[in-house]
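Data first, discussion second: the structure below is written as structure tokens.
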Amino acid sequence: MEELLHQLSNGLALGGIYALIALGYTMVYGILRLINFAHGDLFTLGAYLGLTLLTSFGLAGHIQAGFATALVLIFSMGLVALVGLALERVAYRPLRGSDRLCAVVSALGASIFFQNAMMLFYGARSLVYPPGILPDASIHIFGAELPLARFLMFAFSVLLMCLLYWFIHKTRLGAAIRAVAIDPNTARLMGINVDSVISLIFFIGPALGGAAGVMVGLYYGQITYDMGFGFGLKAFTAAILGGIGNIPGAMLGGILLGLIETISSAYLSIAWKDAVAFAVLILILVFRPTGLLGERVADKI
Amino acid sequence: MSIRKLWDRHSHSPALFIVFFVFMALLPTLLDLGKAAGGGIAWLDMLNKIGISAALALSLNLILGQTGLFHMGHTAFFAVGAYATAILNTLYGWPVFHTLPVAGLLAALAGLAVALPIIRLRGDYLLIVTVGIVEIVRIALTNNIFDLTGGANGIYGISRPVIFGMVFNTPKLQYYLIWAFTAFSVFFFYRLEHSRFGRALCFIKADEIAAAGCGINVALCKLTAFTLGACFAGMAGTLYAANIRTIEPSSFNFYESVILFAIVILGGAGSIAGVLLGSFLLIGLQDLFRDFQSARMLFFGSAMVAMMIFRPQGLIPRQGGPKLACEIPLLPAPEQLEDASKGDVSDGKKDGGRDAFPA
């Protein structure tokens, strides 16, 4: 029981991170029908920027740790979002209206570019976040002693997701995003500036991904330049699991995938933990291609 | 006649391929002459690597370039072939050359098993699943599946291929073997492209629904193309194992798949000449600029983006193929909207109706 609670809480923390990254994939896919392969690398960029901000200004030494972390999070989110905007302008906007394969290849190229830029800049070895930023306390639930940090991670990702949900469903800009996702051409006729909506998407998605990057750094301690590939692919799996293009679906899928991964690595085999995520991906595409909450993705032949 | 016209007329003709392979056959001799004059990079090793990649990229070209299936997991089948050869050779003592058909067959079976459930998926989902499959295969190999694959260290001590008592033990002999296989691949895929089956694939790539309407069994054709491509990848795996003699899971990662994908797309999807050129450029330049490890990849990434923007059809575009007017575009560009009367604006219903962000 205690073991199970540990795995569940761990899975929630990891799932929250997957969900945040998955939101970026799902929003871009919902509007552009493009798998933004570079999104995983924007997430890594967030982790590196967070580390730079955290260490180079010695923030944690001067002001309260919680406040410093919040500042670092906000700044990394903002910076990554700006990079996301630039990415859309340079690599994706010129390809609107062309073959979808071209856009995919462009996304792959951008991903390779970011990965190697980070490797050149920060080195190929993994870097370590300064320890002791997240509180060390634990809480007791049903007799199990669980680290508070896990719940903080989960709570923070849920907070961000609620904010996004509110933004998409309760604001005018959110309504514009939904309209463009449903039918870009009609939306344009209704006076919505589709280009700026797409820019907005490439601002919000990378911001959430950047936040996830900082969270991974804080929670797991270690970051590498190529971690975006693994996290990105799993987050995309999560997005498909929930139903691609569907925002609550990405949240649900992310959390489910986090739980599936931690539980299978605890009870099945840790060496196969990555394979389990991909097996889930294949199974979901074969048996329920709409995802849990989403639209059709398989065409009948 | 201008060079441009000459090139346009002949860039895909069999004569050009014959000239190319005659040149490749003479190349080692030329290199020897060059070496006598003083030179001495390991050109042959590089050319061997290019030859294997070219054969592999040609097999991917059938799936990705000619059929239009977004397949990014080709190294998985390459790995199956290479490991089949390595296991049969080191554990069971089969001569390397005898493992060639088995490697091809096993890779084809793997391809069939993978393709059967996923062939109906929409383009980019197929892509993401095949990426997942590369990872699963790599993880399986690293975890020493069936206690045969030697885990993360891989398998070493694969023997040299022997044909009619002749041992292919020098880079030069390997070179002839590898490039003979590449030449055979070019011949095979060229003939295939111009066969009834090849034309069916061409049609499917251009317009699946129309193809089905004309009585082409679309799913069967796609499956056949996928399986055939996987089979050739497996045989290329045999050559790779025999050439490198030590194989390990990390040589079959996602990254290698991306390079292959890029060879086909940048060279010119569906164009055999383009794929050959792409292999030379991507593998050869990578080898030459080995000293600039990550700067070279930085350049490679930007080049992929730039190519897609400025020359999406590839370096040597396919000729005689259909105009791909029917693929579902990304959002139409504003100027496309203005001539909506032509009817080339993307139709939301085409991809199954979208109801993103439901309340």
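Applying the criterion of at least 1 residues that are closer than 15 Å to A:Ser157 by Cβ to the helices (runs of 4 or more DSSP H) found wholly in region A:170-271 leaves A:194-220, A:227-242, A:247-267. Is there a residue being charged (D, E, K, R) and over 20 Å from the mean Cα position of the chain (by Cα) anywhere in region B:183-193? The answer is no; no qualifying residue exists.
Of the residues making up region A:247-261, those that are within 12 Å of chain B (Cβ to nearest Cβ) and either open to solvent by less than 10 Å² (accessible area, probe 1.4 Å) or among the small types (Gly, Ala, Ser) (or both) number 3. Annotation: of all residues in region B:241-253 being in contact with a strand residue (DSSP E or B) (Cβ under 9 Å, 6 or more places away or on another chain) and open to solvent by 30 Å² or more (accessible area, probe 1.4 Å), the one that is farthest from B:Val162 (Cα to Cα) is B:Glu248. A search for C-beta distances below 9 Å between a residue of region A:278-301 that is on the phi > 0 side of the Ramachandran plot and any residue that is modelled with pLDDT of 60 or more and open to solvent by 60 Å² or more (accessible area, probe 1.4 Å), counting only pairs 6+ apart in sequence or on different chains, returns nothing.
In region B:137-158, the residues that are within 25 Å of B:Leu100 (Cβ to Cβ) and at pLDDT 75 or above form Cβ pairs under 6 Å with partners that are open to solvent by less than 20 Å² (accessible area, probe 1.4 Å) and in a loop (DSSP other than H, G, I, E, B), at six or more places apart or across chains, as follows: B:Leu141/B:Thr149.
I need the full set of residues from region B:28-62 which are touching a helix residue (DSSP H, G or I) at 6+ places or on another chain (Cβ under 7 Å) and either at pLDDT below 70 or among the aromatic types (Phe, Trp, Tyr) (or both), in order please.
Just the residues of region B:28-62 that are touching a helix residue (DSSP H, G or I) at 6+ places or on another chain (Cβ under 7 Å), to begin with: B:28, B:31, B:43-62.
B:Trp43, the sole residue that qualifies.
Here is a list: B:Leu276, B:Leu266, B:Leu239. Which entry is over 23 Å from B:Val80 (Cα atoms), touching a residue at least 12 places away in the same chain (Cβ under 8 Å) and more than 14 Å from chain A (Cβ to nearest Cβ)? Steps first, please.
Working: B:Leu266 fails: more than 14 Å from chain A (Cβ to nearest Cβ); B:Leu239 fails: over 23 Å from B:Val80 (Cα atoms).
B:Leu276 is the lone residue from the list that is over 23 Å from B:Val80 (Cα atoms), touching a residue at least 12 places away in the same chain (Cβ under 8 Å) and more than 14 Å from chain A (Cβ to nearest Cβ).
Test B:Phe299 against the criterion of being away from chain A (no Cβ under 13 Å), modelled with pLDDT of 75 or more and crowded, with 16+ Cβ neighbours inside 10 Å, and give yes or no. Walk me through how you get there before you give the answer.
On the way: away from chain A (no Cβ under 13 Å): no; modelled with pLDDT of 75 or more: yes; crowded, with 16+ Cβ neighbours inside 10 Å: yes.
Here the answer is no, as B:Phe299 does not meet what is asked.
Annotation note: Cβ proximity below 6 Å between a residue of region A:188-200 that is within 8 Å of chain B (Cβ to nearest Cβ) and a residue that is open to solvent by 30 Å² or more (accessible area, probe 1.4 Å) (sequence gap 6+ or interchain) occurs for A:Val194/A:Arg188.
When B:Thr149, B:Thr130, B:Thr99 are screened for being open to solvent by less than 50 Å² (accessible area, probe 1.4 Å), within 11 Å of another protein chain (Cβ to nearest Cβ) and touching a helix residue (DSSP H, G or I) at 6+ places or on another chain (Cβ under 8 Å), only B:Thr130 passes. Is there any pair with a first residue in region A:139-158 that is farther than 15 Å from A:Gln7 by Cα and small (Gly, Ala, Ser) and a second that is assigned to a helix (DSSP H, G or I) and modelled with pLDDT of 85 or more whose Cβ atoms are under 7 Å apart and which are 6 or more apart or on different chains, and what are they? Short answer, once both residue conditions are applied: A:Ser157/A:Gly16; A:Ser157/A:Ile17; A:Ser157/A:Ala19; A:Ser157/A:Leu20.
The values are calculated or read from the model by the stated rules, or taken from the named source; none is laboratory data. Just so we're clear, the structure is a prediction, and the values are computed from it rather than from any experiment. With ideal geometry, Cβ positions are generated from the backbone for all residues, glycine too; neighbour counts draw on all protein chains shown. What goes into the accessible areas is simple: the full protein's heavy atoms, side chains included, and nothing from ligands, DNA or RNA. Shrake-Rupley method; radii C 1.70, N 1.55, O 1.52, S 1.80 Å.
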